[in-house]
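Asker: The structure's right below; bear with me while I get my questions together.
The values are calculated or read from the model by the stated rules, or taken from the named source; none is laboratory data. What you see is a predicted model, and the numbers here were worked out from it, not measured in a lab. Reconstructed Cβ throughout: ideal geometry from the backbone, glycine too, with neighbour counts over all protein chains shown. Remember, those area values only see protein heavy atoms, side chains included, never the ligands or the DNA or RNA. Shrake-Rupley method; radii C 1.70, N 1.55, O 1.52, S 1.80 Å.
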There are 2 protein chains.
Amino acid sequence: MAPEMDQFYRSTMAIYKSILEQFNPALENLVYLGNNYLRAFHALSEAAEVYFSAIQKIGEQALQSSTSQILGEILVQMSDTQRHLNSDLEVVVQTFHGDLLQHMEKNTKLDMQFIKDSRQHYEIEYRHRAANLEKCMSELWRMERKRDKNVREMKESVNRLHAQMQTFVSESQRAAELEEKRRYRFLAEKHLLLSNTFLQFFGRARGTLQNRVLLWKEQTLSRAPTVRRTPREGQLPSAPQSARAGSDGVGGGLRRPAEAVLGPRRLAALLTVTRRGNP
Amino acid sequence: MAPEMDQFYRSTMAIYKSILEQFNPALENLVYLGNNYLRAFHALSEAAEVYFSAIQKIGEQALQSSTSQILGEILVQMSDTQRHLNSDLEVVVQTFHGDLLQHMEKNTKLDMQFIKDSRQHYEIEYRHRAANLEKCMSELWRMERKRDKNVREMKESVNRLHAQMQTFVSESQRAAELEEKRRYRFLAEKHLLLSNTFLQFFGRARGTLQNRVLLWKEQTLSRAPTVRRTPREGQLPSAPQSARAGSDGVGGGLRRPAEAVLGPRRLAALLTVTRRGNP
C-alpha cells in the first residue's frame with residue numbers, strides 16, 4: 001500500500017484509540033468524581049441547614065425576650081435567607097446531576113461500543129479495500145505481461161479503485177477527527193452549561209443578599225442603645241470579644257453598648273459603697 | 001418586700017437564667033454545628049478540586065490533539081477558574097472560622113462563669129439589701145411603739161433605703177437586659193459579617209465567571225465546523241446526547257457538528273454500495 005495511505009490509516013486508528021483508551025475512561029472517571037462532588041454539595045447543604053436552623057431557634061428565643069426582638073427578627077431572617085440560597089443552589093446541583101453526570105454516564109456507556117464498532121468497521125473495510133486493490137494491481141501486472149486485450153480496462157479499474165481508496169481514507173480520517181472533536185465539544189458545552197448555572201446562581205445570591213445585608217446593618221445600627229461612657233469601669237470578661245464584633249468590618253460603625261453600661265457587679269459595688277456610707 | 005420589687009427580682013433572675021440555660025448552651029451547640037459546616041466546606045472544596053483536576057487533564061489531552069485545541073484551552077480555563085473560585089471561597093471559610101466560630105467558642109466559655117458570678121452577686125446583694133430594709137422597718141415599728149425620740153431619723157433612713165432599693169432593682173434589671181441584648185447583638189453582628197463575606201464572594205465569583213462564560217460561549221460557537229446536512233442519515237448511537245448539549249440553555253445556538261457529518265459507518269456503507277456497483 002502507498003505510504004500516504006498507510007499514514008492515514010495509522011493516524012485514523014490512533015484517533016479511535018485515543019477516544020477509546022483516553023477520552024472515554026476519563027469521562028467515566030469524571031462521572032465517578034462528579035458524584036462525589038454532588039455528595040459534597042448535599043452534605044454542605046445539609047450542614048448549612050442544620051446550622052441555620054440553630055440560628056433560627058436562637059432568633060426565636062430573642063423574639064420572646066423583652067430586649068432583643070429586632071435582633072431576633074434579624075437572626076430569623078438570616079436563617080430564612082440561607083434556606084433560600086440553599087434551595088437556589090439546588091438548581092445548580094440539579095443541573096450538574098441531570099444535565100451533566102447523567103448524560104455523561106449514558107454517553108460513555110453507549111460510546112465505548114459505538115467507537116469499537118466504528119474502529120472495527122474501518123479496519124475491516126480498509127483491509128478489504130487494500131486487498132482488493134493489491135489483487136487488481138497484481139492482476140494488471142499479470143495482464144500487462146501477457147499483453148491481455150483487456151489491460152486498458154483493468155488499468156482504469158485500478159485507477160478508479162485507487163482514487164476511491166484515497167477518498168475513503170481521507171474521509172474516514174476526517175470523520176474520526178470529527179468524532180474526537182465532538183466528544184471534547186460535548187464536554188466543553190456541558191461545563192459551559194454548569195459554569196453558566198453557577199454564574200446565574202452567584203448573580204441571584206448576590207441580589208438576594210445585597211438588600212438584606214444593608215437592611216440588617218441599618219437595623220443593627222439603629223437599635224444600638226445610646227450609652228453613657230464610664231471610663232474607669234473595668235472590662236467585663238466577655239466584653240472584648242463582643243466589642244470586637246464592631247470592628248470586624250461589617251458593622252464598622254456598631255457601638256459597644258455593654259462595655260459602657262453599668263454592669264450589675266459595678267452597680268452593686270457602687271451601691272455597697274453608698275450603703276456603707278449610711279447607717 | 002414590696003411586690004413590685006419582688007417582680008423586678010424575679011424578672012432579672014429570669015434573664016440571667018435565660019442567658020445561662022438557653023443562650024450559652026445554644027451558642028456552644030452553634031460552635032459544634034459550625035465546625036461541621038466548616039468541614040463540609042472543606043470537603044466540597046476538595047471534591048471540586050479533584051473534579052476540576054480531572055477536567056484539566058482531559059483539557060490537556062485535547063490540547064495535544066490535532067482537532068480540539070481550542071476546546072482543550074477552554075477546558076483548562078474552566079479548571080483554572082474553578083480553582084480560583086475555590087481559593088476565593090477560602091476567604092469565607094477563614095472568616096467563618098476565625099471571626100465567628102473561634103470568637104463564639106471563646107465567648108461562651110468565659111461567659112458562663114461571668115453570668116453565674118453576676119447572678120450570684122445580684123442574688124446576694126438583693127437579699128442583703130432586702131434583709132437590711134426589713135430590719136430597719138421592724139426597728140422603726142418598734143421605735144414608733146416606744147415613741148422613741150429618734151423615730152423621725154429612722155423614718156428618713158428607711159425611706160432612703162427603700163429608694164435605694166428601688167434604684168438598685170431597676171438598674172440591675174436594666175443591666176441584665178443589656179447583657180442579654182448584647183449577646184444577641186454579638187450573634188447578629190457576627191452573622192452579619194458572615195453574610196457580608198458571602199455577599200462579597202458572590203459578587204467576585206459573578207464577576208470572574210461573567211466574562212469567561214461569554215468568552216467560552218463565543219469560542220465554542222465560532223469553532224463549530226460548518227456542516228452539510230444529510231437528512232436521511234441515521235442517528236449515530238451517541239448523537240442524541242451530544243446533540244442535546246446544544247439545547248441545554250447555555251449554548252442555545254451551538255450547532256450539532258457530528259450529527260450532520262458523514263460517520264465512518266455511513267461512509268463505509270456508501271462506499272460499499274459504490275464498490276459493489278463496480279467489478
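Asker: Could you check the simple spin-label distance between B:Glu90 and A:Ala131, using points 7 Å along Cα→Cβ, in nm with one decimal?
Answerer: 6.1
Asker: Go from 0 up to the bin containing the longest alpha carbon distance in segment B:18-221, width 10 Å each, and give me the % of pairs per bin.
Answerer: So the P(r) values, bin by bin, are 7, 20, 17, 14, 12, 10, 7, 5, 4, 3, 1, 0.
Asker: For B:Ser66, which inter-copy label distances result when the label point lies 7 Å beyond Cα on the Cα-to-Cβ vector, reported in nm to one decimal and in ascending order?
Answerer: Ordered by increasing distance: 8.6 nm.
Asker: Heavy-atom accessible area per residue, segment B:111-197, 1.4 Å probe: how many Å²?
Answerer: On the way: 4370 Å² over 87 residues.
Accessible surface, normalised per residue, equals 50 Å².
Asker: According to a simple spin-label model (label point 7 Å from Cα along Cα-to-Cβ), what is the distance in nm between A:Ala26 and A:Glu73?
Answerer: With each label point 7 Å from Cα toward Cβ, the separation is 5.6 nm.
Asker: Residue by residue, what Karplus-based ³J(HN,Hα) values in Hz, rounded to whole numbers, does segment A:84-95 have, using 6.51, -1.76 and 1.60 with θ = phi - 60° and x for Gly and Pro?
Answerer: Working through the residues one at a time gives 4, 4, 4, 6, 6, 5, 4, 4, 4, 4, 4, 4 Hz.
Asker: Over what distance in Å are the Cα centres of segment A:15-64 and segment A:78-115 separated?
Answerer: Centre-to-centre (Cα) distance: 10 Å.
Asker: While we're looking at this one, here's another question. Taking the label point 7 Å from Cα in the Cβ direction, how far apart in nm is B:Lys116 from each other copy of itself, listed shortest first?
Answerer: In ascending order, 7.1 nm.
Asker: Roughly what would the spin-label model give for B:Ala163 and A:Gln102, points 7 Å off Cα along C-beta, in nm?
Answerer: 8.0
Asker: Working out 0.36 nm times the residue gap between A:Gln64 and A:Asn36, then minus their Cα-Cα distance, what length gain in nm do you get to one decimal?
Answerer: Numbers: separation 28, 0.36 × 28 = 10.08 nm, distance 4.24 nm.
Contour length minus the Cα-Cα distance gives 5.8 nm.
Asker: For B:Lys155 and B:Gln210, what does the FRET efficiency come to when R0 = 51 Å and r is the distance between their Cβ atoms, rounded to the nearest 0.05? Working shown, then result.
Answerer: Values: r = 80 Å, r/R0 = 1.58.
Efficiency computed from Cβ-Cβ geometry: 0.05.
Asker: Using the Karplus curve 6.51 cos²θ - 1.76 cosθ + 1.60 with θ = phi - 60°, what ³J(HN,Hα) values do you get for each residue of segment A:57-65, in whole Hz, with x for Gly and Pro?
Answerer: Per residue, the Karplus-derived 3J(HN,Hα) values read 4, 5, x, 5, 4, 5, 4, 7, 7 Hz.
Asker: Please give the total accessible area that chains B and A bury against each other, computed with a 1.4 Å probe and expressed in Å² to the nearest 100.
Answerer: Values: alone 19150 and 19130 Å², together 27090 Å².
The contact between A and B buries close to 11200 Å².
Asker: Whole angstrom only: what separates the Cα centroid of segment B:119-139 from the Cα centroid of segment A:147-167?
Answerer: 124
Asker: Here's a follow-up. Which parts of segment B:182-204 would a label at A:Ser53 reach, counting a residue when its backbone N lies under 12 Å from a point 7 Å out along Cα-to-Cβ?
Answerer: none
Asker: While we're here: What length, rounded to one decimal in nm, is gained on full extension from A:Glu218 through to A:Asp80, with 0.36 nm per residue of separation minus their alpha-carbon distance? Spell out each step's value before the answer.
Answerer: Numbers: separation 138, 0.36 × 138 = 49.68 nm, distance 1.85 nm.
Additional length available on full extension: 47.8 nm.
Asker: Continuing with the same structure: Computing the accessible area with a 1.4 Å probe over protein heavy atoms, can you report the carbon and sulfur percentage for segment A:1-91?
Answerer: Values: 2100 of 3910 Å².
Carbon with sulfur: 54 percent of the solvent-accessible area.
Asker: Here is a further query. If you count only protein heavy atoms and use a 1.4 Å probe, how large is the accessible surface of A:Ser172, to the nearest 10 Å²?
Answerer: That residue has around 0 Å² of solvent-accessible surface.
Asker: Now, a different point. Can you list, shortest first in nanometers, how far B:Asn132 lies from the same residue in the other copies, with each label 7 Å from Cα toward Cβ?
Answerer: The answer, with the shortest distance listed first, is 11.8 nm.
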